[in-house]
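Chemist: Below you will find the structure I want to go over with you.
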Amino acid sequence: MKLERVDAADPRAVLRALRGAVLGAGPAIAIGAEGGALPDEVPPGTALVVTTSGSTGVPKSVVLSRNALTAGALATAARVGEGAWLLALPAGYIAGAQVLVRSLVSGHEPAILAGRFSPEAFAAAAASMASSIGGVPTPTFTSLVPVQVRRLLDAAERDDDVLAAVRSFAAVLVGGQALAPVIGDRAAEVGMRLVRTYGSTETSGGCVYDGVPLDATRVRIIDDEVQLSGPTLADGYLGDEAATSAAFPRDEDGTRWYRTGDTGEVVDGVLRVLGRRDNVVVSGGENISLDRVERAVRSIPGLESAVVVGVPDPEWGEVPVLVAASDTDAAALWERVREVVANEVGRHARPHRLVLVEEVPLLGSGKPDRVALRRHAASA
């Protein structure tokens with residue numbers, strides 16, 4: 001099957017190309033970060049190749065079939081309902097691409113927020129979606145990352161149009177990174193119906209909603225690692241059989257699983273993700289999960305977007321450092337930070353220092369750019 005690269009900066013071009021790749025005869029399309037030369041041909045059934053660089057900066061091209069993408073769209077509709085979707089994320093990432101796929105599968109033309117995200121633009125796009133079939137209003141849905149949710153909630157406090165917009169959606173999927181509990185509470189207070197999603201490009205986007213796997217998705221924990229199986233799994237990494245075999249092992253019965261690299265636990269059928277297996281520093285001989293420290297810090301009002309990174313230290317080897325935007329009252333909250341982390345994680349895990357930045361840098365996916373933050377924190 002032919003493979004063609006599409007300019008993901010033009011979401012309508014991605015939509016047109018996906019229409020052929022998912023619903024038609026192709027060709028398959030390539031989006032995402034530049035990961036070197038791509039082949040002209042891909043395996044039959046391929047619809048989408050997404051090249052991701054993530055927080056590590058190491059590109060990998062994930063091969064997704066039309067069956068996997070469609071399975072994800074149908075399972076989402078079965079869980080949250082059917083209706084019209086608003087694209088408010090970059091189309092070059094799986095979360096944005098899946099909004100378009102869901103629209104194609106549902107038969108509803110998506111609304112597209114063009115240009116840079118802002119609460120005002122989001123509200124205008126949401127207002128334009130009002131429609132009905134046979135006098136029955138059509139439910140609307142969208143997908144966001146936590147930083148967008150926070151900005152919308154901040155704006156909703158002073159702008160009635162934004163408040164009406166966030167209340168108008170039957171469900172707002174939130175993924176990409178953990179949502180701070182404070183943000184979830186604020187959303188519930190104003191009537192914003194959030195659904196926390198968990199997944200990755202390798203699973204065609206979110207496949208676990210509010211801790212519960214979508215239909216046909218299975219979750220297991222092996223050696224504390226979250227592993228996923230089901231019809232939404234990618235075929236693997238383009239041109240990298242070794243990485244594919246390592247990330248997608250098979251059981252003796254032939255079942256394929258995806259090794260997420262996340263630690264977690266399942267309690268009463270609900271998955272709780274604890275953090276990345278590799279996001280750990282060894283400080284003074286103690287292992288410290290930076291994800292656990294960050295989760296504790298983000299429970300403090302005002303620090304919902306703070307980031308914790310590990311940096312080299314001549315005495316301790318590595319230490320956790322808190323990075324926050326300079327317009328927060330992080331300095332005033334410093335003692336509270338150390339108290340909360342000591343209580344929830346342990347005294348050994350308390351951040352050693354605070355680094356203020358003008359603005360926390362983000363990747364195009366909306367996740368913090370941890371590579372840039374580590375570099376800055378190490379030199380600050």
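Chemist: Across the range 100-120, which residue is surrounded by the fewest Cβ atoms within 10 Å (Cβ to Cβ) among those that are within 20 Å of PRO90 (Cβ to Cβ) and of a type in the set (Gly, Ala, Ser)? Write out each step before concluding.
Modeler: Looking only at the range 100-120, we keep the residues that are within 20 Å of PRO90 (Cβ to Cβ), and these are 100-104, 109-120.
Filter again for of a type in the set (Gly, Ala, Ser), leaving 103, 111, 114-115, 118.
Working: SER103: 24, ALA111: 20, ALA114: 10, GLY115: 7, SER118: 15.
Filtering first and then ranking leaves GLY115.
Chemist: From the list ALA37, ALA91, ALA97, ALA77, exactly one residue is closer than 27 Å to ALA123 by Cα, among the hydrophobic types (A, V, I, L, M, F, W, C) and surrounded by fewer than 24 Cβ atoms within 10 Å (Cβ to Cβ). Which is it?
Modeler: Answer to the check: ALA77.
Chemist: Quick test for you: out of ARG353, ARG370, pick the one residue that is surrounded by fewer than 21 Cβ atoms within 10 Å (Cβ to Cβ), among the charged types (D, E, K, R) and either in the same structural domain as VAL149 (by TED's automatic domain parsing) or out of contact with any helix residue (DSSP H, G or I) (no Cβ under 8 Å at 6 or more places or on another chain) (or both).
Modeler: Going through ARG353, ARG370 in turn, the sole match is ARG353.
Chemist: Another one. All but one of (1) closer than 30 Å to ARG298 by Cβ; (2) among the β-branched types (Val, Ile, Thr); (3) in contact with a Gly (Cβ under 9 Å, 6 or more places away or on another chain); (4) touching a residue at least 60 places away in the same chain (Cβ under 8 Å) hold for VAL63, so report the exception by its number.
Modeler: Condition not satisfied by VAL63: (1).
Chemist: I'm checking my understanding of the structure. Among residues of the range 1-33 that are in contact with a Ser or Thr (Cβ under 6 Å, 6 or more places away or on another chain) and either among the acidic types (Asp, Glu) or in a loop (DSSP other than H, G, I, E, B) (or both), which one is surrounded by the most Cβ atoms within 10 Å (Cβ to Cβ)?
Modeler: Going through the qualifying residues, I end up with ALA33.
Chemist: Hey, another quick one. Grab the strands (runs of 3 or more DSSP E) fully contained in the range 180-246, keeping just those with 2 or more residues being at pLDDT 95 or above and of a type in the set (A, V, I, L, M).
Modeler: Once the strands (runs of 3 or more DSSP E) in the range 180-246 are filtered for at least 2 residues that are at pLDDT 95 or above and of a type in the set (A, V, I, L, M), what remains is 194-200, 218-222, 225-229.
Chemist: What strands (runs of 3 or more DSSP E) lie completely within the range 41-91 and have 2 or more residues being modelled with pLDDT under 95, under 18 Å from the mean Cα position of the chain (by Cα) and of a type in the set (Val, Ile, Thr)?
Modeler: 46-52
Chemist: Testing ALA123 on (1) crowded, with 21+ Cβ neighbours inside 10 Å; (2) within 21 Å of the chain's Cα centre (by Cα), one condition comes back false. Which one is that?
Modeler: So the condition that ALA123 fails would be (2).
Chemist: Here is a list: SER305, SER326. Which entry is polar (S, T, N, Q) and in contact with a Leu (Cβ under 6 Å, 6 or more places away or on another chain)?
Modeler: Numbers: SER305 fails: in contact with a Leu (Cβ under 6 Å, 6 or more places away or on another chain).
From the options SER305, SER326, the qualifying one is SER326.
Chemist: Which condition does VAL172 not pass, out of (1) of a type in the set (Val, Ile, Thr); (2) touching a Phe, Trp or Tyr at 6+ places or on another chain (Cβ under 7 Å); (3) buried (at least 20 other Cβ atoms within 10 Å of the Cβ), if it passes all the others?
Modeler: (2) is the only condition that VAL172 fails.
The values are calculated or read from the model by the stated rules, or taken from the named source; none is laboratory data. These figures come from a predicted structure and were not determined experimentally. Don't worry about glycine lacking a Cβ; one is built from the backbone with ideal geometry, like all the others, and counts go over all protein chains shown.
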